1. Among the numbered criteria (1) touching an Asp or Glu at 6+ places or on another chain (Cβ under 9 Å); (2) modelled with pLDDT of 95 or more; (3) not in a strand (DSSP E or B), which single criterion is violated by His108?
2. Does the range 111-123 hold any residues that are surrounded by fewer than 18 Cβ atoms within 10 Å (Cβ to Cβ) and either hydroxyl-bearing (Ser, Thr, Tyr) or within 19 Å of the chain's Cα centre (by Cα) (or both), and which are they?
3. Looking at Tyr8, Tyr57, which one is surrounded by 14 or more Cβ atoms within 10 Å (Cβ to Cβ) and either acidic (Asp, Glu) or outside any loop (DSSP other than H, G, I, E, B) (or both)?
4. Which pairs do you get when a residue that is under 17 Å from Lys91 (Cα atoms), found in the range 4-22, comes within reach of a residue that is among the basic types (Lys, Arg) and outside any loop (DSSP other than H, G, I, E, B), reach meaning Cβ atoms under 9 angstrom, with the pair 6+ apart or on two chains?
5. Could you go through the range 130-139 and let me know if any residue there is among the charged types (D, E, K, R), touching a strand residue (DSSP E or B) at 6+ places or on another chain (Cβ under 6 Å) and in a loop (DSSP other than H, G, I, E, B).
6. Within the range 74-91, does at least one residue satisfy the condition of being touching a residue at least 40 places away in the same chain (Cβ under 8 Å), touching a helix residue (DSSP H, G or I) at 6+ places or on another chain (Cβ under 8 Å) and either under 15 Å from Phe13 (Cα atoms) or polar (S, T, N, Q) (or both)?
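The values are calculated or read from the model by the stated rules, or taken from the named source; none is laboratory data. Remember, it's a predicted structure, so these values are computed and weren't measured experimentally. Note that we place each Cβ from the backbone using ideal geometry, even for glycine, and neighbour counts take in every protein chain shown.
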Amino acid sequence: MLTCSKTYRDIPFAHRQHRHDGHCALIHGHNWAITLTFACRETDANGFVVDFGDLKYLKTWIAQNLDHACLFNESDPESDALLAQFGQLFKAYILPNTSCEGLAKHLHGVFNPMVRAQTEDRVWVSQVEVEEDSKNSATYLPD
């Protein structure tokens, strides 16, 4: 198996951890980085796992869904009220868990099918690392 990685840096978005007993329960933002590790058994004709120039569809997805967004947990009891009252003021993205760990797992579920489809199943996403302000990170590696 061969791997290579691509990092998307300085993606500004906010989140909140509604179950947290401290300041993380408040909506707050970070500059995030997402590192995708791609894997394959056989390279393409150029000897690449993936051609980094062909990954624009991933950058587009990030720009459309995460860039300057506010992420909410599906179970956040305040998200419906916030969206109803202030939804026109921000881009919302709802997912199961807005922690670094939850986001890494969620993004694997988003990006892996996209990469597999784009490469006719030759390449898959073997791991996703999410960094929060370059100080904290979590990595999702599927079983």
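1. (1)
2. Scanning the range 111-123 gives Pro113, Met114, Arg116, Ala117, Gln118, Thr119.
3. It is Tyr8.
4. What qualifies is Phe13/Lys91.
5. Looking for residues that are among the charged types (D, E, K, R), touching a strand residue (DSSP E or B) at 6+ places or on another chain (Cβ under 6 Å) and in a loop (DSSP other than H, G, I, E, B), one finds at least one in the range 130-139, hence yes.
6. Checked against the condition, which is being touching a residue at least 40 places away in the same chain (Cβ under 8 Å), touching a helix residue (DSSP H, G or I) at 6+ places or on another chain (Cβ under 8 Å) and either under 15 Å from Phe13 (Cα atoms) or polar (S, T, N, Q) (or both), the range 74-91 yields no hits at all.
Residues are listed down the side, and each one gets a yes or a no for (1) crowded, with 19+ Cβ neighbours inside 10 Å; (2) not in a strand (DSSP E or B):
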site: Phe72; (1), (2): yes, no
site: Leu83; (1), (2): no, yes
site: Gln88; (1), (2): no, yes
site: Ala92; (1), (2): no, no
site: Gly102; (1), (2): yes, yes
